[in-house]
Amino acid sequence: MPANRFNGYTDYGVGIGLRVPHYSHILEKKPVVDWFEIISENYMVDGGRPLTVLDSILDQYRVVQHGVSMYFGSTDPLNREHLKRLKNLVRRTNTPWLSDHLCWGSVDGRYTHDLLPMPYTWEAVHNTAQRIRQVQDLLEIPIVVENVSSYAEFHVSEMTEWEFLNEVVEEADCGILLDVNNIYVSSQNHTFDPRAYVDAVPSERVAQIHIAGHSKFEKYILDTHDHPVLDPVWNLYERAIQRCGPTATLLEWDDNIPTFDEVHREALKATQYLQKAAQRLTAEEQKQAVAQ
Amino acid sequence: MSDQNSHPTQLREIQQRMAACIMQPITRDERMRQRRADGTPSLREAEAIIRPNDRLSSFERLEIYNRQYWFRLYTSFQEDFPGLQAVVGTRRFERIMRDYLTECPSTSFTLRNLGSRLPQWLIAHPDHSAPHTRLAIEMAQLEWAHIESFDNPAWPPLTPEQMAAIGEDSVLTLQPHLRLVEAHAAIDDALISLREDEGDSDSASNNASTGFSARRTRRMRTLPGKPVFIAVHRFDDSVYYRRLDPEDFHLLKAIRGGATLSRAIDTAFAASAIPEQDRPAHLQSAFALFATLGWFCNQTAEDPL
Ligand SMILES: [Fe+2]
């Protein structure tokens, strides 16, 4: 949905991920960008250049925080040090919502720094939803969870990935960051119809959408974020936007990062789909007004 | 624990067993090992947890994560310690990475802290860096100090009034971004020229990598023995290495250790060649420099959660 309680009733357009190689371009040229997504962990520090750059960006742009290490699906107790730093950053950025992944990545206090897939079990649903609620209560901000790319499935899974996502967000009462590239990658790795996934997602909970590029290997696809967005992913994006309306969209590019302009141009390809969705929404509203 | 041969159903057990698989070192040709160090067969674990598909076996699917784990850690570690790599050479460096990260896996949500235990580990494992052990340890200390200096807090410097009020019994606080490193050779110059050649960037992301390519660095020639006392500190968001007189270095070190000013001064001059009558002038100019750089400061309170 364009603006909803999961994205703080904002109506953001097309943004890009803030990355170190683009710092000087952005600060010097001040390009027009609707919003930036930052990786929270890069700024959860006590001082120095990361925070100086962030403050300059915050002066001129809208910023949304995206995390990579909350591990909602882990079974360890929440990391207080992590949450304290995250809360400090939230106070600094005033991010309208905060996203992280529906995955796990640490156990017994050891961190893999990876986004590991969940076994889709009821136990995992309850555990994950409870942790999301705890984080939401502590940070006092809408939490939005993102579906990850995966390369493995578990014997014990009791439901599909999208059923798992739906159960978790219902129980936690949180939003969704729908990554259509991740849906595509996983659909190829696990042989399911990605359109069924997109169609099953509760559209009223979608706060944001991710698009990205991936790499194809002989027997699987890797979520590398080092390419332009591929056609099947644009198709899924179009379908998601049709269902959810013109939703805040962000392009992720993390490796072999080209110039700022090139990344921005690629992201702005999303605009045509967003405009179409906005037109359709207006038409529907007019129809409703006439009918009343 | 469930029966080892059946599929574990409890989330925690699944995560523990999967983590044990993916955190075990990969082989030289970047494959998952057949057996873990404790003898557990990887195949049995993979089949217990992971469902195969029409293209990949359980083992192969788990192996993707095993490889990703090490690619990510190696890439980050190598970015943090190019100087150590130049000291010991790529081959030994890879052995250090593998063994250090196996013994000291990350216990922090951020990769920034990956090398926090490295200097101590190198001291405990001298064979890994022989015959350059001393240089390797000092270089690792300097590189870790650089990481800390880059984003440690900067607290408000003492005001001129506070500086004027400093007396013999004062216990001073040093800036957290100021780190003190002592070495037997000019490793600071060597590291600066190395970093100029290679540049550095280090940030978290959430993408997968297609592989790890060991960065080639030129080997550092043996450096001439000459003791150096380095203050690693941050100024205008850049990290600098400033050479200090041994007296000033020991003064700051004693202050960092919690000594009163008079005790710190005693320590500073304990082995000094500076004649007694020149010491007040020396101290005065040292304090003027430290004040200019804002190294004495007031600790600020942390925000509560
Ligand atoms: Fe994403």
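None of the figures in this text is laboratory data; all of them are computed from the coordinates on show. Because the structure is predicted, anything quoted here is derived from the model rather than measured. All Cβ positions, even for glycine, are placed from backbone atoms using ideal geometry, and neighbour counts span all protein chains on display.
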| Can you pull out the residues in the range A:254-274 that are polar (S, T, N, Q) and either closer than 15 Å to A:Pro21 by Cβ or in contact (Cβ under 8 Å) with a residue 12 or more places away in the chain (or both)? | A:Asn256, A:Thr259, A:Thr271
| field | Residue, surrounded by the most Cβ atoms within 10 Å (Cβ to Cβ), within the range B:101-143, restricted to residues that are part of a loop (DSSP other than H, G, I, E, B), in contact (Cβ under 8 Å) with a residue 40 or more places away in the chain and within 14 Å of chain A (Cβ to nearest Cβ) | value | B:Leu114
| query | Checking A:Asp55 against (1) over 14 Å from A:Thr95 (Cα atoms); (2) surrounded by fewer than 20 Cβ atoms within 10 Å (Cβ to Cβ); (3) not hydroxyl-bearing (Ser, Thr, Tyr), which single condition isn't satisfied? | reply | (1)
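Need a quick list: helices (runs of 4 or more DSSP H) entirely within the range B:1-98 having at least 1 residues that are touching a Ser or Thr at 6+ places or on another chain (Cβ under 8 Å) and within 12 Å of chain A (Cβ to nearest Cβ).
Per the criteria, B:11-22, B:42-49, B:58-80.
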| field | Residue tally, condition surrounded by 20 or more Cβ atoms within 10 Å (Cβ to Cβ), in a loop (DSSP other than H, G, I, E, B) and within 16 Å of the ligand (Cβ to nearest atom), over the range A:196-246 | value | 8
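Quickly run through the range A:244-292 and pick out the residues that are hydroxyl-bearing (Ser, Thr, Tyr) and in contact with a helix residue (DSSP H, G or I) (Cβ under 6 Å, 6 or more places away or on another chain).
Passing the criteria: A:Thr249, A:Tyr273.
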| query | Among the residues of the range B:251-264, is any within 14 Å of chain A (Cβ to nearest Cβ), surrounded by 15 or more Cβ atoms within 10 Å (Cβ to Cβ) and either in contact with a Phe, Trp or Tyr (Cβ under 9 Å, 6 or more places away or on another chain) or not in a loop (DSSP other than H, G, I, E, B) (or both)? | reply | no
| request: Please tell me if B:Ile147 is among the β-branched types (Val, Ile, Thr) and more than 14 Å from chain A (Cβ to nearest Cβ). | output: no
| query | Considering A:Thr112, A:Thr128, which residue is more than 7 Å from chain B (Cβ to nearest Cβ), outside any loop (DSSP other than H, G, I, E, B), crowded, with 23+ Cβ neighbours inside 10 Å and hydroxyl-bearing (Ser, Thr, Tyr)? | reply | A:Thr128
| query | Which pairs have Cβ atoms under 6 Å, sit 6 or more apart or on different chains, and link a residue in the range A:134-163 that is free of Cβ contacts under 8 Å to residues at least 40 places away in the same chain and at the interface with another protein chain (Cβ under 9 Å from one of its Cβ atoms) to one that is away from the ligand (no atom under 16 Å from the Cβ) and in a strand (DSSP E or B)? | reply | A:Ala152/B:Ile50; A:Glu153/B:Arg51; A:His155/B:Arg51
